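This report refers to the structure that appears directly beneath it.
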Amino acid sequence: MTLRGRLTTAFLAVVLGPVLLGAFFVGATVMTVSQDRSMDRLDRAATAARTSVGALCQTLRAAVESVALVAGPARRAEAARQVVVRGLASAVRIESPSGALITSTPDAPSPPWADCAATGTGSVAVDRYEAIAARVEQRDATGTLLGTVYAAQVLDEAFIGRLAATSGTEVTLLSGSGAGGIGARSVHSTEPSGVRDRVVRAAVRLGPNGTDVTSDGRYVRRAGPTAGQPLPLVLSLPRRDPQGLYALLMAAVVLAAVFAVVTAWWLARSTTQPLAEVGYAADRVADGDLAARVPVRAQDEVGRLASTFNRMTREMQSYVQALTASRDQLRGHLGVLGDTLSSTHDLHRILQVILQTALAATGARAGVVLLLEPGTGTLVGQCAEGMDERRPRATAAAASGARGDAAKRPSPTASAAAASGARGDAAKRSSPQGEDAASERREPPERSEGRITVPVGAGLLGAVAATGVPLRGRVDRDGPALSPFEPRCRTYVAVPFAAPRPIRGAGDTPPGTGVRPTTLPAALGVLALYDRLGSDEFDDADLVTLRTFAGQAAVAVDNVRMHEEAQRLSVTDPLTGLGNYRSLKDYLRREVERAGRFGHMLTALVLDLDRFKEVNDTYGHAAGDAVLAEFARRIKAEVREVDLTFRQGGEEFVVLLPETDARGGVVVAERLGTAIRGTPFTVESHHPGAAGQTVMVTVSIGIAVYPDHASSGPELLDAADDALYAAKAAGRDTHRIAEPAHREPTETAEIPVPTGAASPDDGRVGGASSGAQPPRQSRGR
């Protein structure tokens, strides 16, 4: 059943139930009242009939006494006639003591007469009474009965009619009075002939003063015989059914029912129709139609519900539109972010896109991304947005001054630059390697100047990096207190992130040394946003969103570092950290092209350790690897930053000196020979328990200059290699310059060989090389 049907049924039950119950009660009450009124009428009629008969008996008694007081028969007869003439009685009868008739008025009814002095019904049934009489006994002075005088009133239709008129009911005189009136019949009656028999039959079953109802609904009352009223009378009244009242009552009930049905239908419709409209609109909203509205028909509770529903749908529609716009905007940012992550390995650009996307997704006014420098334990800002009004109080110089003496120590590259500064203007120009590295890793102005630096553990950002726990809230309420090194803000949300796998930093201890690296903080970077638009605080949803972007930042850092590491490993010798043979070929080609394009010189030094095989055979290959690593370090310490160093293979190394002539190459070669020769190499013995030993190592160097000795890169290496063999043949621990190119051969050049000299036996048996061996034929050295 629908809600409208239930409401209608409930209303009808509430309204019609009392109406019908009231109608039933009123009908029953009316019936009872009608019956009671009929009984009252019968009671009054019986009383009136008894009173009338009693009054008649009193009149007859007075008349008979007046006749009895007259002396003499003649005079009594005259007195009797006068009583009849005056209407005091219908007849007067005088009897002797034996009951014989003495005298009687004319037209006297024949006995039996009903005696007014009778006390009730006798045992002898009387067929019918012709009259009712009062009698007086005449006695003498001695009390002797002289006779009896009767004064009678005829019982005829007129008399019964007068009783009916007096009582206000129908009156019937019965014939039998003995034995309960069995066999009685109607003598005189004012009842209609069709009703009389039913009244008599009902009266026969009643005792004196009994009441019954006939089959046709008439009320019947026996009114005698009793003391003072000897006549067997029956009083009857028709039952007055209030048909008009019942009809009126039924009409009222029907009208009430119709009104209740109409009212219930109207109330149910006016109540359920707005609810149905709300339900229909809710279905439309559930199907995605947020434009659904409910008409407000009244200002009642249902109307307020409709108004609230409309306001809810309007706000929901605006929220969905805003969310859709934000989704589209975020999708665009994510697309840019994905394209950036997949198309570039520029860490600064990637972090900047991540930061801008996070700002757009959360509605923050400003943000910053910081990465940890493992060597200094300081968070350094990589990119920032909206920091014009939030600059830290401390300057970058003050922040960097807190890093200690590490920033004050000169680096090996600085020493090399100072050592090679005497070589003139060549040191003023960046090498191709330096230019390429700078072009790939050049820092933007916002990173190199005025960038944010925060010590780990200091303030908000330092605490997030140290603990690895994200924070959000208000500075004035939740803390922590901001350090002088970080941006000013009111509200914040900061999320740490770390690379998915450990990354070795520049300051980490190399493997195999037995020294554990310094423990790093819990996070290697922090992504922080400040002061959300609208002055609202950041919520948990913003924190989840920022964690997502922090994860992307971590992946980006890891990818870029892995890419840089892969690039470095692809062109770097893992043992010495110098360029391998692959990078040598690449940079040699580029430097030769540069020198040819600008008309500059390029000097190549090929270095080979003398008798390196003996080191491996004597001290083991681990010692040989240590010698090679130290040899590479000394080479890097003696050249400029613009000079390029490579391990060509085994114990053979190459140094490219841009914008350097043969004289400059000789200066560098002499410096390198002195650096190698001047300080012995310390190696560990491969015998267990043996102490470290010192090894004297020398180097032979071949020098070639482009374009004096060669016209291409491979020719330049071949010329330097030939000069290296010349240095080996000259007794090692020296250097030689290659012969000029394109010389016409005039005579066979002889290379002086010391007496007893043999082919050099220091082959290429050094540590493992990551670069491929040169394609040239190897010669013993």
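The values are calculated or read from the model by the stated rules, or taken from the named source; none is laboratory data. Source: prediction; values computed, not measured. No Cβ is skipped: glycine too gets one built from the backbone with ideal geometry, and neighbour counts run over all protein chains shown. Heads up: the accessible areas ignore ligands, DNA and RNA and are worked out on the full protein's heavy atoms, side chains in. Shrake-Rupley method; radii C 1.70, N 1.55, O 1.52, S 1.80 Å.
General remarks:
- If you filter segment 376-398 down to residues that are modelled with pLDDT of 80 or more and closer than 15 Å to L533 by Cβ, you find that the one that is surrounded by the most Cβ atoms within 10 Å (Cβ to Cβ) is E385.
- Flag: T572 matches the condition of being within 30 Å of A498 (Cβ to Cβ) and either surrounded by fewer than 22 Cβ atoms within 10 Å (Cβ to Cβ) or touching an Asp or Glu at 6+ places or on another chain (Cβ under 8 Å) (or both).
- Total residues in segment 534-548 satisfying the condition of being closer than 15 Å to A360 by Cβ and either of a type in the set (G, A, S) or touching a strand residue (DSSP E or B) at 6+ places or on another chain (Cβ under 6 Å) (or both): the figure is 5.
- Apart from one condition, L245 fits all of (1) open to solvent by less than 50 Å² (accessible area, probe 1.4 Å); (2) closer than 30 Å to V33 by Cβ; the exception is (1).
- Residue pairs meeting the criteria (Cβ under 6 Å; at least 6 apart or on separate chains; first free of Cβ contacts under 8 Å to residues at least 40 places away in the same chain and within 30 Å of A292 (Cα to Cα), in segment 252-280; second among the aromatic types (F, W, Y) and part of a helix (DSSP H, G or I)): V278/F309
- Qualifying residues in segment 63-76 (those that are among the aliphatic types (A, V, I, L, M) and outside any helix (DSSP H, G or I)) - the one farthest from the chain's Cα centre (by Cα): A71
- Test: V695 is at pLDDT 90 or above and open to solvent by less than 70 Å² (accessible area, probe 1.4 Å): no
- Extreme residue, nearest to T105 (Cα to Cα), among residues of segment 125-177 that are in a loop (DSSP other than H, G, I, E, B) and of a type in the set (S, T, Y): Y129
- For G288: the one exception among (1) of a type outside the set (A, V, I, L, M); (2) at positive phi; (3) over 25 Å from the mean Cα position of the chain (by Cα): (3)
- Selection from segment 631-674 of residues that are open to solvent by 20 Å² or more (accessible area, probe 1.4 Å), in a helix (DSSP H, G or I) and either touching a residue at least 24 places away in the same chain (Cβ under 8 Å) or in contact with a Ser or Thr (Cβ under 6 Å, 6 or more places away or on another chain) (or both): R633, R634, K636, A637, E638, A662, V666, V667, E670, R671
- Among the residues making up segment 201-226, those that are within 21 Å of E130 (Cα to Cα) and outside any loop (DSSP other than H, G, I, E, B) are A203, V204, R222, T226.
- N310 passes every criterion in (1) touching a Ser or Thr at 6+ places or on another chain (Cβ under 8 Å); (2) part of a helix (DSSP H, G or I); (3) not β-branched (V, I, T) apart from (1).
- Only residues that are polar (S, T, N, Q) and either over 14 Å from L370 (Cβ atoms) or out of contact with any helix residue (DSSP H, G or I) (no Cβ under 7 Å at 6 or more places or on another chain) (or both) were counted across segment 464-494, and they come to 2.
Here's the yes/no breakdown for (1) without any contact (Cβ under 8 Å) to a residue 24 or more places away in the chain; (2) more than 25 Å from V560 (Cα to Cα); (3) touching a strand residue (DSSP E or B) at 6+ places or on another chain (Cβ under 6 Å):
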| position | (1), (2), (3) |
| --- | --- |
| I452 | no, no, yes |
| V456 | no, no, no |
| G462 | no, no, yes |
| T467 | no, no, no |
| G473 | no, yes, no |
| A481 | yes, yes, no |
| F485 | no, yes, yes |
| R488 | no, yes, no |
| A494 | no, no, yes |
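- Some residue of segment 54-76 being open to solvent by less than 80 Å² (accessible area, probe 1.4 Å) and touching a Gly at 6+ places or on another chain (Cβ under 8 Å): yes
- Taken together, R611, R590 contain a single residue that is in contact (Cβ under 8 Å) with a residue 60 or more places away in the chain, at positive phi and more than 60 Å from the chain's Cα centre (by Cα), which is R611.
- Unique residue being surrounded by 15 or more Cβ atoms within 10 Å (Cβ to Cβ), under 37 Å from the mean Cα position of the chain (by Cα), at pLDDT 50 or above and among the hydrophobic types (A, V, I, L, M, F, W, C) when the list is V475, V469, V456: V475
- Any pair with Cβ under 8 angstrom, 6 or more apart, that starts in segment 346-375 at a residue that is under 16 Å from G551 (Cβ atoms) and open to solvent by 10 Å² or more (accessible area, probe 1.4 Å) and ends at one that is in a helix (DSSP H, G or I) and aromatic (F, W, Y): A361/F549
- Cβ pairs under 7 Å, 6+ apart, first in segment 141-161 and among the polar types (S, T, N, Q), second assigned to a loop (DSSP other than H, G, I, E, B) and open to solvent by 10 Å² or more (accessible area, probe 1.4 Å): Q153/S90
- Residue match in segment 570-579 (condition: among the hydrophobic types (A, V, I, L, M, F, W, C) and modelled with pLDDT under 80): no
- Complete set of residues in segment 577-623 that are open to solvent by less than 10 Å² (accessible area, probe 1.4 Å), in a loop (DSSP other than H, G, I, E, B) and touching an Asp or Glu at 6+ places or on another chain (Cβ under 9 Å): N580
- Single residue of segment 227-240 satisfying the filter (in a strand (DSSP E or B) and touching a helix residue (DSSP H, G or I) at 6+ places or on another chain (Cβ under 7 Å)) that is surrounded by the fewest Cβ atoms within 10 Å (Cβ to Cβ): L237
- Filtered residues of segment 159-176 (kept if out of contact with any helix residue (DSSP H, G or I) (no Cβ under 7 Å at 6 or more places or on another chain) and closer than 14 Å to A223 by Cβ): I160, A164
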